[in-house]
Every structure is written in C-alpha cells, then in structure tokens.
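Heads up, the thing below is written out as structure tokens.
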4 protein chains.
Amino acid sequence: MAVRAAVAGASGYAGGEVLRLLLAHPEVEIGALTGNSNAGQRLGALQPHLLPLADRVLAETTAEALAGHDVVFLALPHGQSAAVAEQLGPDVLVIDMGADFRLRDPADWVRFYGSEHAGTWPYGLPELPGARARLAGSRRIAVPGCYPTAVSLALFPAYAAQLAEPEAVIVAASGTSGAGKAPKPHLLGSEVMGSMSPYGVGGGHRHTPEMIQNLSEVAGRRVAVSFTPTLAPMSRGILATCSAAALAGVTADSVRAAYEKAYADEPYVRLLPEGQWPATAAVHGSNAVQVQVAYDESVGRIIAISAIDNLTKGTAGGAVQSMNIALGLDETTGLSTIGVAP
Amino acid sequence: MAVRAAVAGASGYAGGEVLRLLLAHPEVEIGALTGNSNAGQRLGALQPHLLPLADRVLAETTAEALAGHDVVFLALPHGQSAAVAEQLGPDVLVIDMGADFRLRDPADWVRFYGSEHAGTWPYGLPELPGARARLAGSRRIAVPGCYPTAVSLALFPAYAAQLAEPEAVIVAASGTSGAGKAPKPHLLGSEVMGSMSPYGVGGGHRHTPEMIQNLSEVAGRRVAVSFTPTLAPMSRGILATCSAAALAGVTADSVRAAYEKAYADEPYVRLLPEGQWPATAAVHGSNAVQVQVAYDESVGRIIAISAIDNLTKGTAGGAVQSMNIALGLDETTGLSTIGVAP
Amino acid sequence: MAVRAAVAGASGYAGGEVLRLLLAHPEVEIGALTGNSNAGQRLGALQPHLLPLADRVLAETTAEALAGHDVVFLALPHGQSAAVAEQLGPDVLVIDMGADFRLRDPADWVRFYGSEHAGTWPYGLPELPGARARLAGSRRIAVPGCYPTAVSLALFPAYAAQLAEPEAVIVAASGTSGAGKAPKPHLLGSEVMGSMSPYGVGGGHRHTPEMIQNLSEVAGRRVAVSFTPTLAPMSRGILATCSAAALAGVTADSVRAAYEKAYADEPYVRLLPEGQWPATAAVHGSNAVQVQVAYDESVGRIIAISAIDNLTKGTAGGAVQSMNIALGLDETTGLSTIGVAP
Amino acid sequence: MAVRAAVAGASGYAGGEVLRLLLAHPEVEIGALTGNSNAGQRLGALQPHLLPLADRVLAETTAEALAGHDVVFLALPHGQSAAVAEQLGPDVLVIDMGADFRLRDPADWVRFYGSEHAGTWPYGLPELPGARARLAGSRRIAVPGCYPTAVSLALFPAYAAQLAEPEAVIVAASGTSGAGKAPKPHLLGSEVMGSMSPYGVGGGHRHTPEMIQNLSEVAGRRVAVSFTPTLAPMSRGILATCSAAALAGVTADSVRAAYEKAYADEPYVRLLPEGQWPATAAVHGSNAVQVQVAYDESVGRIIAISAIDNLTKGTAGGAVQSMNIALGLDETTGLSTIGVAP
C-alpha cells in the first residue's frame, strides 16, 4: 500500500524538488499540496517542470489540509514548522526541510536565528556515524542544511579517523536556488550571471553552528569552523572546499585510507579515483555526492572537497533518503545517483 | 527478460544521454559501450555523472563488441553508421542517433552532407501522423535531429489542419551541447557565456531538409522553410519560434482547436494553458515538450513555439521512446516528463 | 566649459549605464543624481561598479534637484517623464530614455500603454535617414527602445533600397537587464540561467509599434511586423534575427550592396565581412552594432541579423550619441566601439 | 609623441585584452600585432570585439616584426618570452604577461614549470611596498599572475601590519578566460555552465610560489600558502577568499585600520565600506580591485576577500599600469576603475 505524502510549501524550490523526487518514488502517492500566498493557484503555473502535477491546485497550509497522510514534508520559512508539526499526530512522519529542529543547543538557535528554540529532531544525514539507527522508525526528522551536508560529508572522515586539528577552514560556492524563490534584487539574473560574491562572512552564516555540531560530534571534541559561503552563477550545486591542519604522523596514504573506509559502502557518496576532482555538474539533479581529498605536504593540510546538488542531496533528496530509512524502505528507493549532465 | 542494449559512441553527449536514460529504464540491461579515440578509458573519467557505470571501460567500436545485443544505439559522427549497421543482423534493433538515415531524397543528402546517401529508415518522431505504425516492430530507426524535433512538433498541427501557408519562418535557440563535445574555439565557455549568435544562416543548416520533409508530408504539399539557428548561453535546451501566414478564415479559436486535437493524447507533448509560454528550463533532462501557439491578427500569422531538451526528447529520449514502440513496450517506459528545475 | 548633466533614475540599469558612459565622456560633468525609493542612499551601494561615484548620495527626483543642468537624462518608469520634463526649461536638453515620447500616433500609445499620450520628440536613432538633422540643436530627444534599435538597424537598409515585402518577421533574444532591476520571480537568476523563453508573443510587445513606425517611414509604406521577443540567459545583449520576403529581381549582390551603402560611413554600425555573423559578446559594453545579411534563395527571403548591447547602443549609448549631436559635439565623443570580450 | 606599442600573441585572451586597453590609452599608438598559428589572419576574425583593429592582419612573431617599438607586450605561452626578449634592445620596454620572469628562486621555477629558469624582472604589482620604485624607469617588467594579484592585494596589508600567522588558506574562483583560448574539452561551454570544480588542488598550482614570494617579502618571514583554485561558470573575474589566523592582540579595529592605511591612496584598490562585499561583476572590464576584510572572533581568523577582473587588473590592466609607471606617465592614464555591470 502506497505511502501517502503531503508537501507544505509546494511552490518554493525545496517543495518543488521534493515533489520532483516523490513523483519518481515507486512507494509514494502524492497527496495534499499547500502554500500560503500561492494557495488557489495551479501548480503548473508555479512549477512548470512538474508536468504530471500541472493541474493540481494548492490548498492553504492548514491542519485539515495536511491530515490523513503518512508523511508530511515541511518546506516552510524558518520558525513556522513547529506550529504545523504540533497539529500532526505522533504516528505521522514529519520531515522538516527547514532549520527549526536541526540544532541541539538552544543557545546556538537563539544566537543565529533570534527566536525561541523549537526543539531537536533526529538529524537526517544518514552517512554520519550512528545516524541511521536514530532515523530508523523515527516519526520526526530534521533535514540538514545544504552547506552542512556538503561540508560534513567532505570532512567527517578526517575527524572520525582523528587525522585533523579541530579547526576547519571552509569556502563553499552555492548555486542561487539555495537562496530561495522570493525575489530580491541581488538574486536577479542580471546581477548573478557573470559574478561571484561572498556573503555572511566572518562566522555569521546560520549553517555554521550546524557544521560545528556535526564535526564536533564525530571528532569527539569541539571543532572550530571558519565558514565563508559564496554565491556562484549557476542555479544548482554546492562545491565545498574544506581544509584543516593534519595531526602529526598523517600521510597521504592514511588520509586516503580513512576516506576509503568511510565511504566503502555508502550508496550516495562517491570517493573519486585519485586525480579526479568533484564538479557540481556531475551531480546535477541527483542524490550523489562526489568527494575527493588530498594531503598538501608543503603546508601540512588535508584538503577535502565535495560536490552536491543543493536541492537534491542538500535538501529534498536527503529528506527522501531519510524518509526511506524511517519507514523501513530500502534507503535508495526512488533516489538516483545519476546526474543530468552536461 | 531484459533487453540488452549496446551504445556505440558512449563518450559523447548523445551517447552519455542515452546511457543516462537506459540506466533508468526498467526493461533494459546495458551491455557493450564503445568509443574510438576514447577506447580503453573508464567511463567515470569521460561521463562522471553516470555514477553506476563509472568503472566500465570503453571498447573499440567493432562488430564483435556490438554483437549479442537486442538493441544497438549508434551515436557516431555523420557517415559512419551504415558501415556499423551492416554488420549487425536484421533482428537487432539498430537506432541511429546520427543523420545518416533520416532523409528520403538522396539529392537532399548529397547537397547538405556531401557524401553518398546511406538509405532511409523509419523516422523516430512518434507524434507525427502515421509514425507509430511505421515504428512498431521495426528493426531500424532513424532518430530525428534535435531542431527538426522541436520545429515539427511546434508546427505540424497547423499544417495537418491546413491552417497555414506553406512557408514557415523559424528561429531557434539551442544550448551548446547540440554542437557536441569535440573542442572548438567558438564553443569554449569563455566565448559562449554572455553571448547569443546565429550560424548556418540562409538555408545552409543540415536540419533544414529534414524540417521540410516532415512539414511537407503533413501538409500534403511542399512547405518552404526559412531556418535560422542560434547558439544560446546554456548547456541544454532548444526554444523554437516558428511562424507562418494563416490561410483565409483562420481564427485564434481554430488554431487553438487544432493544437488541442493534435496533442490531446500525446504523453510527452504538453500544449500549455493559454497565457503560459514554453521555457527550456521546464523540460531540462526530461522527454517532455512544451508547446504554445498564438494567432497574431495584426499580421495574420500563426506563431507556434516549442521547448525541448535537445539531448533528451531531441536525441536520446526520442531514441528510447521509439525503441519502446519498436519493441512493443509501453511507449513511456523509463522516460520521464518531469524536468530538473530550477 | 563642461556640459553639466543630471540623471533622474540613477539607481536602475539605464541610469547606471548612462552614468558609466558619462564618466568616460570628456565634455561632461556629472551633476545631480536622483531616485525615488532609493533617495538618500549612497550610489556605491546601488551601483558598485561606478567606483568614482561611490560616495555620491541620491537626491529625490524634484524640479529643484534637476535645475541648473545643461542636460537631464530621464531613466524613469513609463508615464513619468512628461511631468518632470515640463518643469525643465526649453533650453535644457532633456533626453528621455523611457518610451513616453517615441510614438507619433497617439492611438498606438493608448493601445500599447493604456494611458494618455504625452507627445512626440525627435527620435534618437541617428542612423535612420534624416534623423541627424532632426536631432541637431534639439532640446528634447526620445531615445529608442532597445529592440527597435536592433531591429531597425538590421532591416532599414533593405526597406530603404526597396528590396523587401512590407511584412517582417522578427525573433529577438535579449539579456535580462532589458527587463530592469525591479525584482520579479521570473527574473531570478535561478529561473533565468539555463533557460530560453518567449514573452509578449503575438503582437503584444510594446516595442512593436515603434518598429512599425521606423520601418514604415523608411519604406514609404506601412510595414507589418511579427515580433517575438525571447529572454536569454545573459545579462546584456540583443540578437535580432529579422527576415522579409524579397521583392522580384533581388539578388544576393543587390542585398549586400544596399547594406554596404547604408553603413559605409556609420561610426557605430559594422557590416561584418561575408561569412562572419554577429555575436552579442563582441559588442558587450560598447556602442557598436554588428550587422550581417544573407539572401536565402531557396525561400526568397532576406535574413538580416544585428547584435547590440541593449544597455549601451540600445539605451544609454544611443542617448549619449544623440546628446552629442544635439549639442554640436562630435557624434562619437566618449562612446566606444570596443566590446569587453570574452 | 605617441608611445609605439607592439603585441606579440595578439590572438589570445591576454593579447586581446591589452589591445582593448591600449586602444583607449591616449598616449599609445598600436604598432605590430603578431601571432603564430594565426599569422596572416585578420584580427576582426579573431577578436571581433576590437572593431577599430578589425582589418589589421597578424604578422609572425619575429624580431623584425617587433622592431621599432617603444613597448613590446609579450602574451606568449610559458617559456617562450626569453628568446623574444633577447632580440629586443635594452631601451625597449618589454612587458611579459607570461610567467617566465616572475619568480626569484630558480628552484621554484624548475619545480613548478619543469624547464630552465629565464631570470627575474621587476614585478609589476605597483601596490606592493616598494614596487613602484622598482618599476620606475625599468625596461623589463614581469606582470603578476592573475591569482597572485588577487591574493596579494587581499592579504598583504595583514602581513605588512604583522597581524597574521604565516599560514594562509586561500580558495579562489576564476572565470574560464583564465584558462586561455586553446580549446580543451573541460573548458567547453557545455561543461562549464552550471558547474563549479576545483583543479590543481594540494599545492600544485603554478601560481602558488608567486603568492608565497609576495606575502613572504611583505611579512619579512616565510608565509606558507594553501591554495585551491576553482573554475567558475563565468568568462571573467576572480574572487579570492583568503584567511589566516590572527596574531595575539588583533582586533576587528586593528585589522580595519591596517587595510584603511594600506589602501588610502591607491587609485585602483577600493576597500569597501563595512558590510559591503566584493563581487566580480562590479569590476568586470575594469582595473579596479574590490577588497573587504573581516575578523572572525569565534575562530580568531582574519578573512580577506578580493575581486578583480582576471584579464584586466589580473593581466593586461596590470601590465598597462606598470607600463605607465615605467614610462613616467601618470599611473592611471587610460585605465578605468569603472566596471561594466550588470
């Protein structure tokens, strides 16, 4: 019997992407689609790429509209998920693609988001040590942020194997869809095409505490993170360039071995052959992660680089992957590792 | 029992795209992959987006390598398909994604391609009147060119309903993947980004006789075509803007009715609701076609516009769709109408 | 003594571009800069590429702010120029970069813009026959629309030489800056990159009557225009692909001769050598126009193609060129024919 | 009397850019233009954006062709400049835009370039301490690499003021023109658009020793550099994100003060107001450099970011700026700080 799924916030980029994936998921039947400012509109006008759903009309995001589903995906602005989730029963699998339930330390939440902390749900990055066990059977899942997904997968093997100093320097480039669909002047095509620019420099980006949380847990001690995000002239994709000083005794071989071990059996993470480097185009539209790592002897640093599709593995694909685990389905059901390139 | 498929020319864009689609096709098992200059290389180095095939190694394109398959896709340079096809038995389904077997009139071939005509195979554009019957059970299929696919689907309903003068004016914009993977200076990213430019102006583009062939057959008389292709700063997609003078008595309603009738039951062609216009992004990576039509009363012209993905519906998706018909499978098996957007 | 120039609407794309050009103009001194919603802001925050003006602050657009200048450039939303112009004396050169004073027939204005017609000013496309005489000494200039600039320069030689039937079919691709800086969802980088799409199809685009006006005047009879604009994934540039049936007796040579004659002495229009085609990248940031023409014997059509920078020759460069003429300066003062490429 | 300048390698991107700038330089007259594989071709076919030079024909790169000029710009492949320079007299100003004469330590040259070291010429980055004195009157100039220009200008104030640990971590994104005009598969538009990817990871990029040389000289001790370049989907521009651990006692104020002091009187480097960040689009086609710096207290790092146009300030603009100094002209003659945006 099909899993019946609703999507709250179906007109935005995260909502559209989860629908794109659910349409290809053999066990899921798509139920209610809701929006707020766009309620009453045809989905075909809002998400013209989702042809099979073109004639569906968005309902308002209410408890009634979302009732009667096995899974509810929340693609809502920060701070709005808790109120909706409260109205859904404990047996409904609620998957929050926003930030509300990712952070464990309420102080982090308050500092970076400025409102009251809603709580902490099991964290939907299955590749992290211990994560699958916490997700199995869970009925609440917090989907990781796109940058923390890319960064954690690039760096955690180095920390899990105790190879690196607890100070990571990260510069990541993201496609513009990561900034959402609300129109703002600096996101206009005219401004974005032909331009690279940073933002949230100096520790202010909201994804920073989430990276620290993930890497610190793996390392067993607090890892400091210097994170600089940049906006790149492309719609999708994150390239995360991460580095940390190597601990004494580390060699190129020991680094390689740690990554090979970490990703030997992962269905979505591909440690590339030596000499080949990640490219966001190769994972466009797919749940795959390309990872490569090098040891720069001249400066004693491990450089780990990952490429993901920010909307797929970085948001909606990660959500579906975690849904599969929570529901006891094969983890890879309906989720491709094949990119749309060139 | 699975259909066993080989791809000759697996390192190029057409070859890569057909592999992307076959990987998602539930009835197909991927057999031999061949190349020429790239024989001996890992596919992962050539097509890094095709993760499940990363460790496959390209063989040379020989009769031996291609033997023992149910279907062989040819993604070869123009003029090379006949020699390969001859060596494959009559029971093997041979699908040529090149131009060699598209044209019926040998004089057209000689004029536009400058070599001896190899022959004519059933034409793989199922949406054209009568096409499906010719494809069913066939063991040789000529896949249409990308521009003729977009243009024929934009215009044929107007000609089938006898609404238009037999002189069409077409301006189409294509992504750069249509020009292939062989590196040439004018295809460099530095040259392409931020630039629109025409080529093959004045009737010289090789896809022109194919458009004339398709539209003339539907119209029942010779349709002249003025075709100007342009190169657009994007990897994929064709937007074809087509127009023709309306015959006497034509109205906006009769035009709309003709298109609604033509596409009422087509699984891949979507006549958009009035007021919505095609966009290549909406069909990125999908086999869908977006079509819209208008009647400009002030000049008495029908303007029909289509958007396709040049590599999917315009090449490899069209090939798989025709394969499904030829093999008696459901025509839509393994072929999505869902685009990867934004 | 320097010409003192003010710019009303300095925060938008047209305003920014005219400032970019005026900064390089040896006879001009930049005076007041005004805006409405952005009044009070530093120009460095709004137009960060205009480094020498970074610390200038925008005033409100009032008669007082604009008083005391020799030239006032209006880069205002449609319908707002007349009220401002009225308050400026008859000796001030007022150059309207909006649409308000372009059309001669009030009925055209009412039909396409829906408001009362403000009047008609000398039309700032110097290359049209007779235009320079009308601009010399004028104190009011209507700058042409970007599409009409590209289209008129592509086609007028064919009509001036009586070579073409009075029915032109035009498909033009524009960069997104032509749509302005006001943020709208369909202009987001995420939507625009990788996508081509048409708009205003079927005769509805407001630049259509302006094209008809220009071509009809040159032809000496009414020329009908089928115009389809498309949005291309680039910031700047227009590529206009224009065609019309040739009159009897026309040959490739007579077409070429007409264009050579028309553009023999034009400082900004370059008729390319045969075999070379326009590209928008080649005129990026410059006032140059690339034109090429072909005669397609197989369909009896003249195909004329032009490339301009929509913001330079298509808006602000055309404005400065006309200013030079009006003020009796050398027409090319401060205006480059050199593009920024690649 | 005009300075007569020749350009060897006029068909490539660096050669084209220096011509673009020299065309706007009031003191320069353009003399011989040479190429190798393109000798005999019209420049209009190779550099269609340089309209005033369209009918110039490339000569072969020989001593005869380059004789009789005051300045010769060399835009040649690495390793070819010395042989040409030897044939030019000591009174001719020879400006090498390649790498041959940048490095002081022959061992660095051998390690990174694999050939014999040609020597060391005065280094053309005027903003570095002491550089202008070395350039004044010089008749040999080595133009810096594009990445070292961006990185040195981002970081040197921190090292000059002794604020940072001698270990810098740099991730830079470059437009594709930095990779040159020779067609290679990974530089095709189809591959580049929509993709971010790193290269030369782990200390292997040839610009690394040049960065070390510059920063070490300023710091007065060896500065180690971890440098990761990435290829961005744009034609032009470098965004360099640089960081280093702050020394004890450093504060946000002391960092800001050091940068304000360093750039108070520089004509081309703009330290942005606090809160505004560099964007490559803002310096497109200009010789300007945007710099911003932050102190991230949470990790104790200084983060300095610069944006340049890799072809202008990063290559040809830097070359012209140094030429001006060497010839005793005003340093800013013919060189704009105004970008072409959007």
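The values are calculated or read from the model by the stated rules, or taken from the named source; none is laboratory data. Here the structure is a predicted model, which is why all the values come from computation and not from measurement. Using ideal geometry, Cβ is built from the backbone for each residue, glycine included, and neighbour counts are taken over all protein chains shown.
Suppose we filter A:Val250, A:Val283, A:Val299 for residues that are within 22 Å of A:Leu125 (Cβ to Cβ) and in the same structural domain as A:Val169 (by the TED database); which single one remains?
A:Val283
Could you tell me which of the residues A:Gly15, A:Gly9 is touching a residue at least 24 places away in the same chain (Cβ under 8 Å), small (Gly, Ala, Ser), crowded, with 24+ Cβ neighbours inside 10 Å and within 13 Å of chain B (Cβ to nearest Cβ)?
Checking each option against the conditions leaves just A:Gly15.
In segment C:169-187, which residues are among the hydrophobic types (A, V, I, L, M, F, W, C) and surrounded by fewer than 24 Cβ atoms within 10 Å (Cβ to Cβ)?
Hits for segment C:169-187 are C:Ala179, C:Ala182, C:Leu187.
Can you tell me how many residues within segment D:310-332 are within 23 Å of C:Pro342 (Cα to Cα) and not in a helix (DSSP H, G or I)?
Qualifying residue count, segment D:310-332: 2.
Of C:Gly124, C:Gly130, C:Gly204, which residue is at pLDDT below 95 and of a type outside the set (Phe, Trp, Tyr)?
Going through C:Gly124, C:Gly130, C:Gly204 in turn, the sole match is C:Gly204.
Scan segment A:284-293 and give yes if some residue there is within 23 Å of the chain's Cα centre (by Cα) and on the phi > 0 side of the Ramachandran plot, otherwise no.
yes
Please specify each residue of segment B:164-187 satisfying the condition of being at the interface with chain D (Cβ under 7 Å from one of its Cβ atoms) and small (Gly, Ala, Ser).
If the condition is that a residue be at the interface with chain D (Cβ under 7 Å from one of its Cβ atoms) and small (Gly, Ala, Ser), then B:Ser177 is the only one that fits.
Applying the selection to segment A:169-180, what residues are touching a helix residue (DSSP H, G or I) at 6+ places or on another chain (Cβ under 9 Å), of a type in the set (A, V, I, L, M, F, W, C) and in a strand (DSSP E or B)?
A:Ile170, A:Ala172, A:Ala173
Would you confirm whether any residue within segment B:313-323 is of a type in the set (Val, Ile, Thr) and closer than 26 Å to B:Phe227 by Cβ?
Scanning segment B:313-323 turns up at least one residue that is of a type in the set (Val, Ile, Thr) and closer than 26 Å to B:Phe227 by Cβ.
What is the residue count in segment B:317-342 for residues that are within 12 Å of chain A (Cβ to nearest Cβ) and more than 30 Å from A:Thr176 (Cβ to Cβ)?
Number of matching residues: 2.
Could you tell me which numbered condition D:Ala142 fails, if it satisfies all but one of (1) in contact (Cβ under 8 Å) with a residue 12 or more places away in the chain; (2) at negative phi; (3) within 14 Å of another protein chain (Cβ to nearest Cβ)?
Among (1) in contact (Cβ under 8 Å) with a residue 12 or more places away in the chain; (2) at negative phi; (3) within 14 Å of another protein chain (Cβ to nearest Cβ), the lone unmet condition for D:Ala142 is (3).
Within segment B:323-342, can you find the residues that are crowded, with 21+ Cβ neighbours inside 10 Å, within 19 Å of B:Gln290 (Cα to Cα) and under 17 Å from the mean Cα position of the chain (by Cα)?
B:Leu335, B:Ser336, B:Thr337, B:Gly339
What helices (runs of 4 or more DSSP H), lying completely within segment B:188-306, carry at least 1 residues that are more than 9 Å from every other protein chain (Cβ to nearest Cβ) and surrounded by fewer than 19 Cβ atoms within 10 Å (Cβ to Cβ)?
B:208-219, B:252-263
Residues checked against (1) touching a residue at least 12 places away in the same chain (Cβ under 8 Å); (2) among the polar types (S, T, N, Q); (3) not assigned by the TED database to the domain that holds B:Gly31:
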site: B:Gly68; (1), (2), (3): yes, no, no
site: B:Gly89; (1), (2), (3): no, no, no
site: B:Leu93; (1), (2), (3): yes, no, no
site: B:Leu103; (1), (2), (3): yes, no, no
site: B:Val110; (1), (2), (3): no, no, no
site: B:Gly114; (1), (2), (3): no, no, no
site: B:Thr120; (1), (2), (3): yes, yes, no
site: B:Tyr123; (1), (2), (3): yes, no, no
site: B:Ala133; (1), (2), (3): no, no, no
